[in-house]
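For reference, the structure is listed below as C-alpha cells.
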Amino acid sequence: MRKDVLEMIEGNEDLKNYLRLQPIWYRRLTRNPHQIQKMETEAVYFFKKSIPDRVSQLTNGVQMASMMISMFQTMNAVK
C-alpha cells in the first residue's frame, strides 16, 4: 500500500477501524489507491455518521426527551 494512503488511514481512527473490519479494502487500496475516497464514504455510512443518520439520531433524542418531559408532567399532575 502506498505510504500516503497508509498515513491517511493511520490519521483517521474510523478508517483504521473500518479497514480492520473490512479487510478487502487492503487489496483494493493496494491495487487502486485512488479509491480511498470511496472507502471514506463507505466508512461514514458503516459507522452511521452520515448526515441522514445524524438527523435521525437527533430526532430520536428529541422524541425521547419529549416523552420523558410529558411523563414527568403526568406524574406531577397525579400528585
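Bear in mind these aren't lab numbers, they're just calculated from the coordinates by the rules spelled out. Predicted model only: the values in this text are computed from it and were never measured. All Cβ positions, even for glycine, are placed from backbone atoms using ideal geometry, and neighbour counts span all protein chains on display.
Some notes on this structure:
- The helix-only estimate of mean residue ellipticity at 222 nm for the chain, built from DSSP H runs of length n ≥ 4 each weighted as -39500 (n - 2.57), is -26000 deg cm²/dmol after division by the residue total.
- Distance between the 7 Å Cα→Cβ label points at K3 and S56: 4.2 nm.
- Pair Q35, Q63: separation of 7 Å Cα→Cβ label points (nm): 3.7
- Under conditions of 20 °C and 1.002 mPa s, segment 1-53 yields 193 µm² s⁻¹ as its translational diffusion coefficient, taking Rh as the Kirkwood radius over Cα pairs in the Stokes-Einstein equation.
- Helix 51-78 axis, angle to the chain major axis (alpha carbon atoms, nearest 10°): 20
- Taking L58, L29, L19 in turn, the Gaussian network model of the chain (Cα-Cα springs below 10 Å) assigns the largest fluctuation to L58.
- Average Cα contact separation per residue, the chain, under 8 Å, 6 or more apart, as relative contact order %: 24
- Point-to-point label distance, F72-K16, nm (Cα→Cβ direction, 7 Å offset): 4.0
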